[in-house]
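These notes are about the structure you will find just below.
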Amino acid sequence: MTVRIGGDWLRDPGLQGVLGMLEAAGHRAWLVGGCVRDALMGMPVGDIDIATDARPEQVAALAGAAGFRAVPTGIGHGTVTVVAGGVPHEVTTLRRDVRTDGRRAVVAFTTELAEDAARRDFTMNALYADRAGAVSDPLGGLGDVLARRVRFVGDPHARIREDYLRILRFFRFHAACGDPAGGLDADGLAACAELAGGLTRISRERIGHEMRRLLAAPDPAPAVAAMQAAGVLARVLPGAGAQALAPLVRLEAGRPAGWIARLAALGGAGAAERLRLSTAEARQLALLLDAAGSDRAPGEIAFRHGAGTARAVALLRAALAGADLPPGLEAEIARGAAAVLPVRAEDLMPGLQGPALGRRLREIEARWIASGFALSREQLLA
């Protein structure tokens, strides 16, 4: 029985144009990887990747002749990005690994689908579909997709030694696509634990990218707990712990606080540097950690930093304390976020100037916040 995928994305004229362009020239072309996996799982399809037996220079020439724009984004590895209908499509020549060093691979082109599939990380990512949606399954990944089981292609140790970042991808894919009740694949988990030291060979930028995506999953708590048990979390974030993450996700109640708040729940020293956070991300992390450890009320935090930050801080505090959210929290946050100090500097001038003016404004603001934003302009100036 032939399994097929479908959806409006598959019928997109640009995508069909790229596939048709290759086939009309006598080449074979398939959709591959995440778009096939996500379509089978009923998840939204994002990036669309295409595999072909055409060489990259042939793909570029055909794209130009068809009126598409060809961008040599990874020509050395066989990838040409073809922009059709304003949408980029990564078109990569079928390939096999010749040599790997734990970070990157030297590849050779092939015409065999099975060889291309064998170099992929997980069986659920080694699925192909033609332009009509008929699925090809060279390695038995279809059953893993349907069971929501994340399993390495072949020997997990060999796949990890090809690229140690696959350790983090194993946990990230389980969080995004795995069956929480089924647990993690035992062989894969054991290999990740045994080879976790290889993560020191991976750049912090790549590790940070994977951790962002992992923590942004709907519920990363089981995967991160498994990371901790396997000794992987300590390699990435020394001193971090997963204990507060599950309570945080529960308290979020379907309204995620954001991956930075979840990172804050893990703790650990030097997360901003270890994950190469941007300046803005590092500031937000520091703000959340500082506010969560302070006695500032949610309303004040909302007034100073916005409702989203105030809610994230309240969630963090409750998760770290093993408590429920305080009653009336949302109303207090809404009041603080909407509040506008009714006194301006001009109201105190010219009687006060310079540092004295600043001190007086801060005193007034503190009284106003302590009143629950209730004191009027007249009361504050009295």
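Being surrounded by 14 or more Cβ atoms within 10 Å (Cβ to Cβ), out of contact with any Pro (no Cβ under 6 Å at 6 or more places or on another chain) and under 30 Å from residue 210 (Cα atoms) holds for only one residue in 320, 348, 341, 357, and it is 320. Residues that are surrounded by fewer than 22 Cβ atoms within 10 Å (Cβ to Cβ) and aliphatic (A, V, I, L, M) were ranked within the range 52-69; the one that is farthest from residue 128 (Cα to Cα) is 65. Every condition in (1) modelled with pLDDT of 90 or more; (2) under 21 Å from the mean Cα position of the chain (by Cα); (3) surrounded by fewer than 22 Cβ atoms within 10 Å (Cβ to Cβ); (4) within 28 Å of residue 158 (Cβ to Cβ) holds for residue 47 except the one numbered (1).
Annotation note: Cβ proximity below 7 Å between a residue of the range 351-365 that is within 12 Å of residue 380 (Cα to Cα) and a residue that is exposed (fewer than 13 other Cβ atoms within 10 Å of the Cβ) and of a type in the set (A, V, I, L, M) (sequence gap 6+ or interchain) occurs for 361/345. Residues considered: 144, 137, 187, 179. Of these, the only one that is among the charged types (D, E, K, R) and in contact with a Pro (Cβ under 7 Å, 6 or more places away or on another chain) is 187. Within the range 168-201, the residues that satisfy the criterion of being surrounded by 16 or more Cβ atoms within 10 Å (Cβ to Cβ), more than 15 Å from residue 220 (Cβ to Cβ) and of a type in the set (A, V, I, L, M) are 189, 191, 195, 196, 199.
Residue under question is residue 90, and the condition is that it be among the charged types (D, E, K, R), loosely packed, with under 15 Cβ neighbours inside 10 Å and on the phi < 0 side of the Ramachandran plot; does it hold? It is false that residue 90 is among the charged types (D, E, K, R), loosely packed, with under 15 Cβ neighbours inside 10 Å and on the phi < 0 side of the Ramachandran plot. Listed by position, the strands (runs of 3 or more DSSP E) inside the range 1-102 whose residues that are without any contact (Cβ under 8 Å) to a residue 60 or more places away in the chain and closer than 19 Å to residue 142 by Cα number at least 2 are 49-52.
For every residue, the table says whether it meets (1) in contact with a helix residue (DSSP H, G or I) (Cβ under 8 Å, 6 or more places away or on another chain); (2) touching a residue at least 60 places away in the same chain (Cβ under 8 Å); (3) assigned to a helix (DSSP H, G or I).
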| site | (1), (2), (3) |
| --- | --- |
| 249 | yes, no, yes |
| 319 | yes, yes, yes |
| 327 | no, no, no |
| 341 | yes, no, no |
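The values are calculated or read from the model by the stated rules, or taken from the named source; none is laboratory data. For clarity, every value in this text was computed on a predicted model and none was experimentally measured. Positions of Cβ are generated from backbone atoms using ideal geometry, with glycine treated the same way; all protein chains shown enter the neighbour counts.
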